Amino acid sequence: MKNKTQTLQLLKILIGAAWIDGEIQAEEREYLHKMAAENNLVHDPEIKPLLSELKQVKPDECYTWLEDYLGEHPSKDDYEELLEALSALIYSDGNVDTEEAKLLNKLQDVALENEAHSSAFDKLLKRIQRLYRQAIK
């Protein structure tokens, strides 16, 4: 991970992704708390209420965070870090929900809007998409 702001943004996206199917699974909760602790963000004023699960994160809010994180012209490294973190979270409970697959598709849409994405990213994204589609079937 890069700087604290980017790490904070990434953790918010992951919390939103955990909520995207309507509830946070125990394995997802454990992963999120571990990541927050590893990055000294457990007591951060933005993260603490999200980790407490007092308020559900809506998909639109998660998508907004995703777009804010990636920005206008995201780098290949930004995509790879985001995909790696999302995959670890989504697979942490051993179940891929339809809404979680939709999040990946949204990520692909953002990638397609960015003309600077590379063929290596395309290959990685296609591999992950195949895994999601197989898990949904």
How many of the residues making up segment 49-82 are farther than 10 Å from LYS12 by Cβ, among the acidic types (Asp, Glu) and either touching a Gly at 6+ places or on another chain (Cβ under 7 Å) or part of a helix (DSSP H, G or I) (or both)? 6
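Here's the yes/no breakdown for (1) closer than 20 Å to ASP78 by Cα; (2) surrounded by 12 or more Cβ atoms within 10 Å (Cβ to Cβ); (3) at pLDDT below 95; (4) among the aromatic types (Phe, Trp, Tyr):
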| position | (1), (2), (3), (4) |
| --- | --- |
| MET1 | yes, yes, yes, no |
| LYS4 | yes, yes, yes, no |
| LEU10 | yes, yes, yes, no |
| ILE15 | yes, yes, yes, no |
| ALA18 | yes, yes, yes, no |
| GLY22 | no, no, yes, no |
| GLU27 | no, yes, yes, no |
| ASN39 | yes, yes, yes, no |
| VAL57 | no, yes, yes, no |
Which ones in segment 80-97 are modelled with pLDDT under 75 and not aliphatic (A, V, I, L, M)? TYR91, SER92, ASP93, GLY94, ASN95, ASP97
Please work out which residue is farthest from ALA18 (Cα to Cα), limiting yourself to segment 62-77 and to residues that are in contact (Cβ under 8 Å) with a residue 40 or more places away in the chain and under 12 Å from the mean Cα position of the chain (by Cα). LEU70
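The values are calculated or read from the model by the stated rules, or taken from the named source; none is laboratory data. On a predicted model such as this, the values are computed, not experimentally measured, just so you know. Counting neighbours? That spans all protein chains shown, and the Cβs are built from the backbone with ideal geometry, glycine included.
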